[in-house]
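To start, the structure itself, in structure tokens.
The values are calculated or read from the model by the stated rules, or taken from the named source; none is laboratory data. Just so you know, these numbers come straight off a predicted model, no measurement behind them. So basically every Cβ, Gly included, is an ideal-geometry build from the backbone, and we count neighbours across all protein chains shown. What goes into the accessible areas is simple: the full protein's heavy atoms, side chains included, and nothing from ligands, DNA or RNA. Shrake-Rupley method; radii C 1.70, N 1.55, O 1.52, S 1.80 Å.
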Amino acid sequence: MTGDALVSPRARHRAEPTLPPQPSLTVAAPTPPGRRDLATLPKAHLHLHFTGAMRPQTLVELAHDSGIRLPPHLLDLDPLKVPADARGWFRFQRSYDSARTLVRSEAVMRRIVHEAAEDEAIEGSVHLEMQVDPTSYAPWVGGITPALEIILDEAERASRDTGVQVSVVVAASRTRHPLDARILARLAAQYAGTGAGRVVGFGLSNDERVGDTAAFSKAFHIARDAGLAALPHGGELLGPESVREVVAALGPTRLGHGVRTTEDPALLDRLVEEHIAFEVCPTSNVHLGVYPDLAHVPLETLMQHGATVALGADDPLLFHSRLLAQYVAARDVHGLSDAQLADLAHQSVEASLVGEEERRDWHRRIDAWLAADPA
């Protein structure tokens, strides 16, 4: 770690974007006759990683300005055309690391947050919980505390500018020592709260096949004592046994991904009874080779068991598919009705870490969307 103090004044300097807002990444399928426009459906986006939220155009511009040549694998226009046996975590992580090397200043960090909020607003989101490990960006801004404060400050500003409430989830990495996770949990605890520009949860990300899950339990105890929700990844690259370990050791409020819990119906029913929500990222599952195509993502199975599901985009920069596209796939691939899609939006709001006033308002807006004439 960088050795910076865990308490410092909130960062105040704001770097104005030098470029006009870029268009949203998603090109949504035309709305079928008799169906409502999904871009106007109010929804909460609960699974979006910081670097992975970067716009492709921003990536290209940053590389050009830095004189860095991007590897071809990072410029794939359609990653879903990569054969299933050539997909996987290694390819994804290599791309993510390449993109992260371009995030080397406060101005770039602020740009990523603000543009992500702009894109969410275009797609009808009312709330965003952005996940970040500030360790990755600390060397460029003076430590993990300034890195987190920059993101929180810009999240508050972006919320005012776009109308999308942006909160932050601080996430530790499985690839680092569990003591690092405790440092991050203590840092996150100092900014715990609800609303724009606050830390609402603590996560555990990166390759779930790495590390000892139980070794991170103390970090999650620190976070929970501060009122933060436990939001670890699990049940995507590994199956039900991994989910059991995550649930037993970390006590999740929501499970990042969790789709492979469906391989054990009894376990799935248990998690439903314990009110553990699922952050389901269909395009991510396909891109990483967990399922061969979107039709095989077990969305219907989760719904049939009564699970609370919040659709997410995970890393749009690498998967070239934002939140709206996940709802479009639920409609066009899984055949969900407008009422079912509204119910998914309600579930995303219900699973979000917000105040009751916002939650009630967003539920009313979803109901109004469904009550409106599709024409």
Inset, instruction - Would you list the P(r) distribution for the chain, with all Cα-Cα distances sorted into 20 Å bins from 0 and each bin expressed as a whole %? - result: 31, 62, 7
Legend entry - Once the Cα gyration tensor of the stretch 222-375 is diagonalised, semi-axes √(5λ) in Å: 24, 21, 14
Legend entry - the chain: most fluctuating residue of 180, 65, 343 per GNM, C-alpha cutoff 10 Å: 65
Legend entry - Separation between Cα centres of the stretch 117-172 and the stretch 300-337, rounded to whole Å: 23
Inset, instruction - Starting at the first residue of the stretch 33-48, write each ³J(HN,Hα) from the Karplus equation 6.51 cos²θ - 1.76 cosθ + 1.60 with θ = phi - 60°, in whole Hz, x for Gly and Pro. - result: x, x, 10, 7, 6, 5, 6, 9, 7, x, 8, 10, 9, 10, 9, 9
Inset, instruction - Please state the charge dipole magnitude for the chain, taken about the Cα centre, from unit charges on C-beta atoms (+1 on K and R, -1 on D and E), reported in debye and rounded to the nearest 20. - result: 740
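Taking the highest mean first, how do the peptides 225-231, 173-179, 277-283 order by number of other beta carbon atoms within 10 angstrom per residue? Present the calculation step by step, with values, prior to reporting the outcome.
Numbers: 225-231: 20.0, 173-179: 16.3, 277-283: 27.0.
The packing order, highest mean first, is 277-283, 225-231, 173-179.
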Inset, instruction - Report the full-extension gain for the segment residue 357 to residue 37: residue separation times 0.36 nm, less the Cα-Cα distance, to one decimal in nm. - result: 112.7 nm
Legend entry - Rel. contact order, % - alpha carbon contacts under 8 angstrom, at least six apart, the chain: 22
Legend entry - Per-residue ³J(HN,Hα) for the stretch 203-211, Karplus 6.51 cos²θ - 1.76 cosθ + 1.60, θ = phi - 60°, Hz, x for Gly and Pro: x, 9, 10, 6, 4, 5, 7, 9, x
Legend entry - For residue 229, residues with placed amide H under 5 Å, excluding near neighbours: 201, 202
Legend entry - Accessible surface of the chain [probe 1.4 Å, protein heavy atoms]: carbon and sulfur percent: 53
Legend entry - Gain in span if fully extended, residue 339 to residue 105, counting 0.36 nm per residue against the direct Cα distance: 79.8 nm
Legend entry - Estimated dipole of the stretch 104-186 in Debye, rounded to 20 [Cβ of Lys and Arg +1, of Asp and Glu -1, Cα centre]: 500
